[in-house]
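Right, one structure below, let's go through it.
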Amino acid sequence: MSCVADVAADYADDRVLVEALRRGDEAAFGWLLERHHASLTRLARTYVATAAAADEVVQETWMAVITGIDRFEQRSSVKTWLHRIVANRARTKGVREHRSVPFGSLADEIEPDQPAVDATRFRASGRRAGAWSSPPTPWDEEPEARLLATETRSVIEAAIAALPPNQQRVITLRDLEGWDATDVCNALDLSETNQRVLLHRARAKVRGALEDHFEDERS
Amino acid sequence: MILPRLLRRDRDDYPCQQFVEVVTDYLEGVMSPTDRARFERHLARCDGCDRYLAQIRRTIELTGTLTVADLDELGFEARDRLMGAFREFHAAP
């Protein structure tokens, strides 16, 4: 703590961060805004109908952080705590807006079983029923440049945007932001099993979208 | 149920259609050792499923290269307002 320049790096340590916020350290709060605002906004948008409503939820959350940091018990990480506040507030707002039914968070879970891969890709009968009839073709031949092309990214973005909200939230936090399963369960109030089912469905759909995209390019 | 499966231990009777549904359980490390062994036995023998798993891994990797959209960034005005609120809260007696 002797060198001021070192302090910023330490905000990644929750104990340092929380202590700094309680002290009124503006750099700490600025760091927190930079780090989480975009992610919080993105999460809020999956619950409410408009961008304005999402912004409102996130603003309220920041105000709650300013006034509530003293009461934060650090049973979870700051990151999880912030996202949990946004999820709770946005959920309430979403219900009020009739965007989702009161059991909105269950809506994705009770949707009919969607296979990871369309049933027509497998043999329907015979000794080898359930084996691939139309197996995936390798992507490895795709030049690296094409895999990372802007177009590929927009395919993934579009596929994620088309997912049911619950799947969108899970794949965004897990695969885009690199969270672990436990943090996602805590932030979104999901059981481990449900988190996994949502992730499974989401990844399968994004893979399918990439497959279609690469096949279109080939033909 | 368990016994017949054990007796047929080295026979690969895993339908691919079932394989693709447990890929996430496999990657998340929540499979029992028995199921895991059965999964890996099929994987070693089936090109289609090997490719499928590789594509799921690639999908995860590619999704990880995305960044949260620029439009979600905090505007200067909103940032100033929040910094002001933080300052005021701590300045209050």
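Yes/no matrix, rows are residues, columns are (1) under 18 Å from residue B:55 (Cβ atoms); (2) touching a residue at least 24 places away in the same chain (Cβ under 8 Å):
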site	(1), (2)
A:149	yes, no
A:153	yes, no
A:159	yes, yes
A:166	no, yes
A:187	no, yes
A:199	yes, yes
A:202	yes, yes
A:212	yes, no
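Kindly evaluate residue A:61 against the criterion of being under 25 Å from residue A:175 (Cβ atoms), of a type in the set (Val, Ile, Thr) and more than 10 Å from every other protein chain (Cβ to nearest Cβ). Show your work before the answer.
Numbers: under 25 Å from residue A:175 (Cβ atoms): yes; of a type in the set (Val, Ile, Thr): yes; more than 10 Å from every other protein chain (Cβ to nearest Cβ): yes.
Yes: the conditions hold for residue A:61.
Six or more apart or on different chains, Cβ under 8 Å: which pairs go from a residue in segment B:61-75 that's under 15 Å from residue A:172 (Cα atoms) and of a type outside the set (A, V, I, L, M) to one that's at pLDDT 75 or above and part of a loop (DSSP other than H, G, I, E, B)? Could you list them?
Here the result reads B:64/A:178, each pair linking segment B:61-75 to a residue that is at pLDDT 75 or above and part of a loop (DSSP other than H, G, I, E, B).
Every residue in segment B:10-33 that is modelled with pLDDT of 95 or more, more than 8 Å from every other protein chain (Cβ to nearest Cβ) and either closer than 18 Å to residue A:119 by Cα or part of a helix (DSSP H, G or I) (or both), please.
B:19, B:22, B:26, B:27, B:33
Just to be sure, is residue A:35 part of a helix (DSSP H, G or I), among the charged types (D, E, K, R) and within 13 Å of chain B (Cβ to nearest Cβ)?
Numbers: part of a helix (DSSP H, G or I): yes; among the charged types (D, E, K, R): yes; within 13 Å of chain B (Cβ to nearest Cβ): yes.
Yes; evaluated as a whole, the condition is true for this residue.
Taking the stated definitions as given, is residue A:215 charged (D, E, K, R) and either at positive phi or at the interface with chain B (Cβ under 9 Å from one of its Cβ atoms) (or both)? Give the derivation first.
Numbers: charged (D, E, K, R): yes; either at positive phi or at the interface with chain B (Cβ under 9 Å from one of its Cβ atoms) (or both): no.
Answer is no for this residue.
Restricting the search to segment A:36-63, which residues are surrounded by fewer than 16 Cβ atoms within 10 Å (Cβ to Cβ) and not polar (S, T, N, Q)?
A:49, A:51, A:52, A:63
Taking segment A:38-53, which residues are under 15 Å from the mean Cα position of the chain (by Cα), part of a helix (DSSP H, G or I) and not β-branched (Val, Ile, Thr)?
The answer is A:38, A:39, A:40, A:42, A:43, A:44, A:45.
The values are calculated or read from the model by the stated rules, or taken from the named source; none is laboratory data. The model shown is predicted, which means the values in this text are computed figures rather than measured ones. We place every Cβ from the backbone using ideal geometry, glycine too, and count neighbours over all the protein chains shown.
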